[in-house]
Amino acid sequence: MDSKDFIEYKKDLLEKIDALYQSQELFKVINLLENSELDFDLCNELVRAYINAANKTSDPYSLFEKANLLLDRFSLEGKDNPKHQFYRGYILFKQGLIEDSKIRFERALKFASVSDSKLFEQITTMLSNVNAMIERAAFKGQSEEHRKLILEHVKKNFGEYQHLCSFDNVDIFRIPPTKEHDYNLLVSVGLSAKVMKGKSGSADECVELCFALPSDYKFNPDSKSNFEVFLMIEVIKHLIATRDNIGFGYYLEKESGFSSRTAFNGAMLVGMGDYEKEQQTMILDGAELSFLELLPLRPMELNFRKAHSAVELLNLFKEKLVMITPFISTRDDVCNVVAKM
């Protein structure tokens, strides 16, 4: 067919594809495109369909292979095309080739336009995920010598500990309730291997994370019902990957929330108010290690923190008589009566 006829043919085909996507009939999209004449744009549509279908099957590899063959067929046209490069990167990512996928995502971002907001967001999100995975993979945790010193400090200042779980070269230990502190205390060991430069001549800094849970908290680390434990794990994974300095008042946001069962979508690091200052710090190989407490935040509290200091937010907790330690998932929102920020 001549170019004019192909334009009409392509327009009609794309309308049919949109209708099939609306009814979520992915394999009909694939069947339609596999039996059609393809140009570069329609090739990208078929690759998109292969990827979407692969994400819904138990055996995605044959679909990824088909997608790769198509991408190879149009590799010359796609070398500077952000969508083409994004699809190549995504398939590499799903195949576990993280470093290779990063190269493709970076090339996709180079040619991406902010006017295509959906694609731009997809590229930046995947690039962020890849960079975080690379940072975590490179994180080796603490040496045995330093682990021993940290655990000695934990035992001396917080109490007898029990191992709870391990991930990404970090361990979480549980200190059961004591007479002095009637709650469970979770303490990380290993995060402090991430050492940060101190401010203007001061000692280097590092942190370990603590999280206080009620005395009657039921631990089952294999169950998603223990969202508090998984929240702590997720925060630690974020702290390993971030390139920001971590310390008192540091906060983070998870847009989708930490659990479908709760409204908490943020967290802030604060001092351990129930302990003396010397119990909250130690010197480790010349660096000052701070034990900081994890404070989960509700949406309005997180928004308040974005506009105010950590101290101002903590003062709200005091004013509203809302207890920070231990963490109670049903606690009041300290900002629910704040009209303006």
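The values are calculated or read from the model by the stated rules, or taken from the named source; none is laboratory data. Note that this is a predicted model, so its numbers are computed, not measured. Backbone-built Cβ (ideal geometry, glycine too); neighbour counts: all protein chains shown.
Points to keep in mind about this one:
- In region 132-149, residue nearest to Arg88 (Cα to Cα) [restricted to those that are among the basic types (Lys, Arg), assigned to a helix (DSSP H, G or I) and free of Cβ contacts under 8 Å to residues at least 60 places away in the same chain]: Arg147
- Strands (runs of 3 or more DSSP E) completely within region 200-317 that count 1 or more residues being within 20 Å of the chain's Cα centre (by Cα) and surrounded by fewer than 18 Cβ atoms within 10 Å (Cβ to Cβ): 251-253
- Among the candidates Glu152, Glu180, residue that is in a helix (DSSP H, G or I), outside the structural domain of Ile51 (by TED's automatic domain parsing), among the acidic types (Asp, Glu) and over 30 Å from His84 (Cβ atoms): Glu152
- Residues of region 1-30 classified as more than 15 Å from Leu42 (Cα to Cα) and acidic (Asp, Glu), total: 3
- Pairs with Cβ under 8 Å, 6+ apart, first in region 221-233 and under 15 Å from Leu294 (Cβ atoms) and at pLDDT below 85, second among the basic types (Lys, Arg) and surrounded by fewer than 22 Cβ atoms within 10 Å (Cβ to Cβ): Asn226/Lys218
- Within region 155-176, the residues that satisfy the criterion of being in a strand (DSSP E or B) and surrounded by 16 or more Cβ atoms within 10 Å (Cβ to Cβ) are Leu164, Cys165, Val170, Asp171, Ile172, Phe173, Arg174, Ile175.
- Phe105 within 24 Å of Leu26 (Cα to Cα), in a helix (DSSP H, G or I) and hydrophobic (A, V, I, L, M, F, W, C): no
- From the options Ser202, Ser192, residue that is of a type in the set (S, T, N, Q) and under 18 Å from Ile240 (Cα atoms): Ser192
- Summed over region 74-98, residues that are out of contact with any helix residue (DSSP H, G or I) (no Cβ under 7 Å at 6 or more places or on another chain) and of a type in the set (D, E, K, R) total 1.
- Residue match in region 46-60 (condition: in contact with a His (Cβ under 6 Å, 6 or more places away or on another chain), of a type outside the set (D, E, K, R) and outside any loop (DSSP other than H, G, I, E, B)): no
- Test for Asn129: is it in a helix (DSSP H, G or I), over 30 Å from Ile172 (Cβ atoms) and out of contact with any strand residue (DSSP E or B) (no Cβ under 8 Å at 6 or more places or on another chain): no
- Residue within region 121-129 that is hydroxyl-bearing (Ser, Thr, Tyr), more than 22 Å from Ile233 (Cβ to Cβ) and surrounded by fewer than 16 Cβ atoms within 10 Å (Cβ to Cβ) present: yes
- Note on region 318-334: among residues that are in contact with a helix residue (DSSP H, G or I) (Cβ under 8 Å, 6 or more places away or on another chain) and under 19 Å from Tyr250 (Cα atoms), the one that is surrounded by the most Cβ atoms within 10 Å (Cβ to Cβ) is Val334.
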